[in-house]
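Data block below; observations after.
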Amino acid sequence: MSVLTSDLTAGSATEIVTSRFLNHPRDLVYEAFHHPDHLMHWWGPTGFTNTFHEFDPVPGGAWRFTMHSPAGVDYFNASDFVELARPERIVFVHLQPVHFFQMTLLFTEEGTGTRVTWRMCFEDEQEVVKLGKFIHAANEQNMDRLQRHLQSMPSMPETFRTFMISRNLKASRQRVFEAWTNASQLSQWWGPHAYTNPECRLDFRPGGAWNIVMQSPDEVRFPISGRFQEIILGEKIVTTLDCSAHPPEWQDMIKPNRSEDETNPAGEIRQTVIFTGNEQRTTLTVRLTFESVEIYHAFIRTGIHDGWNESLESLAGLLERGD
């Protein structure tokens with residue numbers, strides 16, 4: 001079955017289009033789609049709930065989940081991400097042969113709010129005729145649920161200020177855990193591709209200190225320090241992150257017009273790393289919780305998604321090489 005292109009023609013007979021204006025900023029609306037802790041709570045028609053099995057929002061990444069109907073019927077869903085352009089566009093392909101389609105989600109700023117447009121492109125007109133009435137109604141219910149969820153997001157402060165990324169790795173849980181707890185291995189994959197880590201020290205115990213120094217291609221140093229707060233061997237690592245030794249230019253990006261005595265505008269960051277899986281594969285989930293929503297969005301603007309995607313690509317490469 002062919003994969004459709006991401007350039008869809010407006011008004012095509014093979015499309016079902018749903019659009020709604022939401023009185024919320026575009027970054028927030030995009031995050032409601034991009035973050036599984038949000039998405040799982042509103043995706044689907046009224047009364048449905050979701051169990052997410054796999055969610056890897058990168059081009060080629062998998063999204064596998066089961067929708068549970070109010071009548072108790074389970075519907076397994078398999079999709080693959082095609083394109084993600086924060087905060088403007090998400091494209092994924094729904095792989096079920098019953099109704100194979102490509103979904104393009106567009107996020108357009110309108111005044112102080114956001115217009116969300118869903119474009120579902122099917123392989124032929126017959127699918128649209130057969131499914132159109134049901135899908136239009138289901139999409140409207142989905143938009144209703146999204147709107148209610150957006151209104152509730154400020155009442156979920158920790159989720160709202162938490163960055164999350166997940167990756168499925170072809171290695172045992174113990175092997176992935178080791179790559180996080182061995183300084184010589186951590187220094188090989190931490191940070192964006194172009195960066196190196198000339199210094200890395202870990203006192204791997206609850207209360208123990210850790211630090212790593214990232215260095216850019218032009219030899220600008222970005223030290224990070226912290227302490228281990230919780231360790232469950234093979235399962236979980238919780239640490240603090242302190243970026244106060246980062247260059248002043250970086251601090252200004254986090255908080256423009258900061259005062260001279262504000263030497264750590266990023267505040268204390270809590271990093272939680274979860275390892276689940278077996279001897280063949282591991283799902284790694286990283287959560288960074290910031291002190292405020294404003295700091296979270298500052299990190300989004302500075303490219304935290306790209307940086308962590310590149311880090312986890314390097315980690316996957318390290319594991320595949322068997323270093």
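The values are calculated or read from the model by the stated rules, or taken from the named source; none is laboratory data. The shown structure was predicted, so the numbers you read here are calculated from the model rather than taken from an experiment. Positions of Cβ are backbone-derived with ideal geometry, glycine not excepted, and every protein chain shown enters the neighbour counts.
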Condition first: without any contact (Cβ under 8 Å) to a residue 40 or more places away in the chain, hydroxyl-bearing (Ser, Thr, Tyr), farther than 18 Å from residue 78 by Cα and in contact with a His (Cβ under 9 Å, 6 or more places away or on another chain). Can you find one or more residues in the stretch 140-158 that meet it? yes
Looking at the stretch 134-160, which of its residues are charged (D, E, K, R) and either at pLDDT below 85 or not assigned by TED's automatic domain parsing to the domain that holds residue 48 (or both)? 158
Only one of 189, 180, 210 is in the same structural domain as residue 288 (by TED's automatic domain parsing) and closer than 20 Å to residue 247 by Cα, namely 210
Go through the residues of the stretch 41-58 one by one and say whether even a single one is surrounded by fewer than 19 Cβ atoms within 10 Å (Cβ to Cβ), touching a Ser or Thr at 6+ places or on another chain (Cβ under 9 Å) and on the phi > 0 side of the Ramachandran plot. yes
Kindly check whether there is at least one residue in the stretch 190-210 that is under 28 Å from residue 63 (Cα atoms), touching a His at 6+ places or on another chain (Cβ under 6 Å) and either in a helix (DSSP H, G or I) or at pLDDT 90 or above (or both). no
Scanning for something acidic (Asp, Glu), over 24 Å from residue 131 (Cα atoms), at pLDDT 90 or above and in contact with a helix residue (DSSP H, G or I) (Cβ under 6 Å, 6 or more places away or on another chain), does the stretch 88-103 turn up at least one residue? no
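Residue-wise test of (1) closer than 18 Å to residue 274 by Cβ; (2) under 23 Å from the mean Cα position of the chain (by Cα).
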site	(1), (2)
183	no, no
190	yes, yes
201	no, no
204	yes, no
228	yes, no
Search result, residues across the stretch 27-37 that are at pLDDT below 90 and either over 12 Å from residue 147 (Cα atoms) or among the polar types (S, T, N, Q) (or both): 27, 31, 34, 35, 36, 37
Of all the helices (runs of 4 or more DSSP H) wholly in the stretch 225-323, which have at least 3 residues that are over 22 Å from residue 32 (Cα atoms) and without any contact (Cβ under 8 Å) to a residue 12 or more places away in the chain? 248-254
On the given criteria, is residue 222 of a type in the set (Phe, Trp, Tyr) and either in a strand (DSSP E or B) or assigned by TED's automatic domain parsing to the domain that holds residue 38 (or both)? yes
Taking the condition of being basic (Lys, Arg) and either within 13 Å of residue 312 (Cα to Cα) or surrounded by fewer than 14 Cβ atoms within 10 Å (Cβ to Cβ) (or both), how many residues in the stretch 169-187 meet it? 1
State whether one or more residues within the stretch 271-287 are farther than 22 Å from residue 172 by Cα and either buried (at least 18 other Cβ atoms within 10 Å of the Cβ) or not assigned by TED's automatic domain parsing to the domain that holds residue 64 (or both). no
Report the residue count in the stretch 188-224 for those that are crowded, with 17+ Cβ neighbours inside 10 Å and among the small types (Gly, Ala, Ser). 1
Taking the stretch 163-179 and keeping only residues that are in a helix (DSSP H, G or I) and within 20 Å of the chain's Cα centre (by Cα), one is left with 176
